[in-house]
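The structure appears right after this line, and notes come after that.
What follows draws every value from the coordinates through simple rules; no lab data is involved. The model shown is predicted, which means the values in this text are computed figures rather than measured ones. Using ideal geometry, Cβ is built from the backbone for each residue, glycine included, and neighbour counts are taken over all protein chains shown.
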Amino acid sequence: MQNADVARIFDTLADLLEIQEANPFRVRAYRNASRTVEGLTESLSSIIEDPDRTLSDLPGIGKDLAEKIKTILETNTLPQLEELKSKIPPGVVQMLNLPGIGPKKVAVMFRELKVNTLEDLRAAGENGQISALKGFGKKTEQTILENIDSVAAAEQRFYLSDAIHAGEAIVASLRELESVTQADLAGSSRRRKETTGDLDVLAIAEDSEEPMDHLAEHELVAQVLQRGPTKMRVRLHLGIELDLRVVPEESYGAAMVYFTGSKEHNIVLRKRAQERKLKLNEYGVSPEGKDKSKPVRTEEDVYKLLDLPWIPPELREDRGEFDAAESDKLPELVDVDDIRGDLHMHTTASDGKNSILEMAEAAKKLGRKYIAITDHSKRVSMANGLDAKRLREHWKDIDKANDEIKGIEIWKGIECDILEDATLDLPDDVLAEADWVIAVLHYGLKQPKDQINKRMMAAIQNPHVHCIGHPTGRLLLRRPGAEMDFHDILKAAADHGVLMEINASPERLDLSDVHAQAAADMGIPIVIDTDAHSTTGFHTMKYGVYQARRAGLEKKHIANTRTPKQFRKLLRTS
């Protein structure tokens, strides 16, 4: 069990308690505990094992919650959660996935309509029973009916890269229509989350028919699932579902804020609105007690009414962005155009598809001023990893390539495995000859945490290692990362002058945003690399930058925004 698993259990527990109409303070305690645990950079088990510390030292974690955390870590579950699940039908839990329908509304429908499944809920909606409930109305009923079929599909996740590629292609085509004056991507993909369940697109149009007809015939669309006067849901060939909403110009800013999210960010915004005697929803901002909304054509208009500057979408997770905004300390987030170097890539010497010169020429065209060729070390035999002899020959080829190309520097690097016994895959005398050494975990990711920590510490303490690459070894949607004590590892990296990588490969995005922020807070320079295995792989750099932006990182935090000379000054000397 890792921290994220514990946080997920607390969130689920809070949802189920809210459905049961439990004490709201109890519900809030679990939600706050989830946020605390999710934001930790060290593992919960490491705190438990430290005789000088206790889980109760964590904010919002009292004695009872500390015991529950211990139970979860020991048994992989929580008896209280299993008991609640036995009392609430699975179909009711699925209702929590309906857009805009939180635990309170699910509780009302479960209690008053006696609905146990999504089909029960559909029947109740078609009979007008949902709209008859206090606080619901026809719009809520219609929203529920429109989204019932998509709930199961929404549980499937997709890589951010796939979602953005499809969503932005559709947005671009909508913008070409004569009737459309504006179209944008919203939802979690606009916030650049690592994975997403569906896509949201908003548009302003004189007539909703043209954009909807266009979407129905779009080459990326496999099926039209629902169509109403202003909203349409389709399933793409990719498998992901997309909602198109055509909204009035005067509501566009409020709709963008609402449908971009996150839920936690929007809750704080609504609270700020209430404090100012205003009502905020997807339709606009209106004074309390009045139906007519103020025109909010842009997101800036919404935030201004709430006495805030515009907050970048990547930061909208209720993780400190409001304090930063109020104190005029919102970061100037790093941008793709700031990147000058790429320090992790592969060639035909191991498992890459292009030669050294081909990789260098492609990087140069993208404006890179320096690259490091980091083919695999010998442990990765399936990728034709290099032993000491082959690596030295390979470095001679890099020297030759440097003589043949102008305008970009090619550094002699290696992606060196940290072996299961906590040694490195190549001897020190070889590593000492490299310009750039990335140490990585590829194997033994399921080893006990203590052994993983030992391996990471051994790499960090080796005087020839410059950077830890894709630190956890995770593969999104496929494989969890190794369990480790991030706090101790980051502290060691800071003490020894070792950089940490955000690997931009869409299936890795490792470091996570939380850990990247923690590393930057400790003063550790971050390097964003593509891990490209071909010239086409360089395009993934933007996904690593998105991850850095979600961590609130600025240009100054990213090592490879520097010139080659400036970058070298960051490197430890062996």
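Suppose a student asked you for the relative contact order of the chain, using Cα pairs under 8 Å spaced at least 6 residues apart; what percent would you report?
Over the chain, the number comes to 10 percent.
Most exposed first by the Cβ proxy, i.e. fewest other Cβ within 10 Å, how do Trp395, Trp436 rank?
Fewest-to-most ranking of Trp395, Trp436: Trp395, Trp436.
Using only the alpha-carbon atoms of segment 156-246, report the extent along each of the three principal axes, biggest first, to the nearest angstrom.
34, 23, 20
In the structure displayed, which of Lys105/Lys139; Lys70/Lys454; Lys138/Lys231 lie more than 19 Å apart, Cα to Cα?
Cα-Cα > 19 Å for Lys70/Lys454; rest within.
Please list 535-543, 121-129 highest first by mean number of surrounding beta-carbon atoms within 10 Å per residue.
535-543, 121-129
Using a Förster distance of 30 Å, how high is the FRET efficiency between Ala123 and Glu282, based on the Cβ-Cβ distance and rounded to 0.05?
0.65
What is the calculated FRET efficiency for Leu238 to Arg390, with r their C-beta to C-beta distance and R₀ = 30 Å, to the nearest 0.05?
Using R0 = 30 Å, I get an efficiency of 0.15.
Could you compute the net charge surrounding Ser355? Neighbours are other residues with a C-beta less than 13 Å from the C-beta of Ser355; K and R count +1, D and E count -1.
With Lys, Arg at +1 and Asp, Glu at -1, the neighbours total -3.
So, counting K/R as plus one and D/E as minus one, what does the shell of residues with Cβ under 12 Å around Pro287 add up to?
Summing Lys and Arg as +1 and Asp and Glu as -1 gives +4.
What percent antiparallel are the DSSP beta bridges of segment 336-570, to the nearest 5?
Here the antiparallel bridges make up roughly 10 percent for segment 336-570.
Suppose we keep just the DSSP beta bridges with both residues in the chain; what percent of those would be antiparallel, to 5?
50
What list do you get for Tyr303, Tyr443 if you sort them by fewest beta carbons within 10 Å?
So the ranking, lowest neighbour count to highest, is Tyr443, Tyr303.
222 nm [θ] for the chain, helices only, -39500 (n - 2.57) per DSSP H run of 4+, per residue, to 500?
Per the formula, -12500 deg cm²/dmol.
Where both residues lie in segment 195-271, what percent of DSSP beta bridges are antiparallel, nearest 5?
Within segment 195-271, antiparallel bridges account for around 60 percent of the total.
When Lys and Arg each count +1 and Asp and Glu each count -1, what net charge do the other residues less than 10 Å away from Pro103, Cβ to Cβ, add up to?
-1
What nm value, rounded to one decimal, do you get for the distance between Thr298 and Leu366 when each label is placed 7 Å out toward the C-beta?
Those two pseudo-labels are separated by 3.2 nm.
Among Asp57, Asp149, Asp529, which comes first, then next, by fewest other beta-carbon atoms within 10 Å?
Asp57, Asp149, Asp529
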